[in-house]
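Structure first, then comments.
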Amino acid sequence: MPVTLRDSRDSAADRAWIRAVYRDYLAELSASRSGLFPTSGDWPGRDDDLLAGWFADPGAHPFVILLDGAHAGFALVARPPAFPSRPVDFRMSDFFVVGPLRRRGVGAGAATLLFTRFAGRWEVVEDEYNRSALAFWRRVIGHHTGGRYTEVRGSGEVCHRFSTTRHPEAPPA
């Protein structure tokens, strides 16, 4: 079951698919009721504006995650903002795998492809109450880095920082 990535800026169908599942993603993020993420529908029109920014921002890399060529999820790799300054090159801004395909290696495979494609200093941040996301990222990042990462808690979030190197066969970023 090959997991692949495709730049979603290149396909109207991919962008439409991300828009269609984005509310599911927000609903899951808001389930913790931490206040870090709005409940879907709290800010009408915001979702469309945010997604339009993904596809227009030259510092953002929006991908669809594919399993055997079919949509399975999405990821947004972004450069962190210039202010406040962060000691990282890339940030996993958004990452989502549809429910039926979880715990089948799809997310881990996609994350590994992204970490390999975008070599450098990384940051992945989760809501501290999202236990499944915390377990997933600790496992995936730990495996990818051989356990060489830092984890810092603050303001209701858990931040993982680590470095990656590009595999010689990985496509350029």
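The values are calculated or read from the model by the stated rules, or taken from the named source; none is laboratory data. Because the structure is a prediction, the values reported are computed rather than measured. Please note: Cβ atoms are built from the backbone with ideal geometry, for glycine as well, and neighbour counts cover all protein chains shown. Only protein heavy atoms, including side chains, enter the accessible area calculation; ligands, DNA and RNA are left aside. Shrake-Rupley method; radii C 1.70, N 1.55, O 1.52, S 1.80 Å.
Quick notes on this one:
Results for (1) within 20 Å of Arg161 (Cβ to Cβ); (2) modelled with pLDDT under 90; (3) among the small types (Gly, Ala, Ser), shown as yes or no for each residue.
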| residue | (1), (2), (3) |
| --- | --- |
| Trp17 | no, no, no |
| Ala27 | no, yes, yes |
| Ala75 | yes, no, yes |
| Val98 | no, no, no |
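- Taking segment 151-173 as the range and being among the small types (Gly, Ala, Ser), farther than 18 Å from Arg138 by Cα and modelled with pLDDT of 60 or more as the test, only Ser155 passes.
- Which listed residue is part of a strand (DSSP E or B), open to solvent by 10 Å² or more (accessible area, probe 1.4 Å) and modelled with pLDDT of 95 or more, from His71, His61: His71
- Residue-level check: of (1) closer than 25 Å to Leu67 by Cα; (2) modelled with pLDDT of 90 or more; (3) out of contact with any Lys or Arg (no Cβ under 8 Å at 6 or more places or on another chain), Arg117 misses just (3).
- Which listed residue is within 24 Å of Asp24 (Cβ to Cβ) and open to solvent by 30 Å² or more (accessible area, probe 1.4 Å), from Ala82, Ala119, Ala78, Ala135: Ala135
- Residue match in segment 33-51 (condition: open to solvent by 50 Å² or more (accessible area, probe 1.4 Å), part of a loop (DSSP other than H, G, I, E, B), modelled with pLDDT of 60 or more and within 24 Å of Pro100 (Cα to Cα)): no
- Scanning segment 99-110 for residues that are open to solvent by 20 Å² or more (accessible area, probe 1.4 Å) and within 14 Å of Phe63 (Cα to Cα) yields a single hit, Gly109.
- Scanning segment 80-98 for residues that are among the small types (Gly, Ala, Ser) and either touching a strand residue (DSSP E or B) at 6+ places or on another chain (Cβ under 7 Å) or in contact (Cβ under 8 Å) with a residue 40 or more places away in the chain (or both) yields a total of 1.
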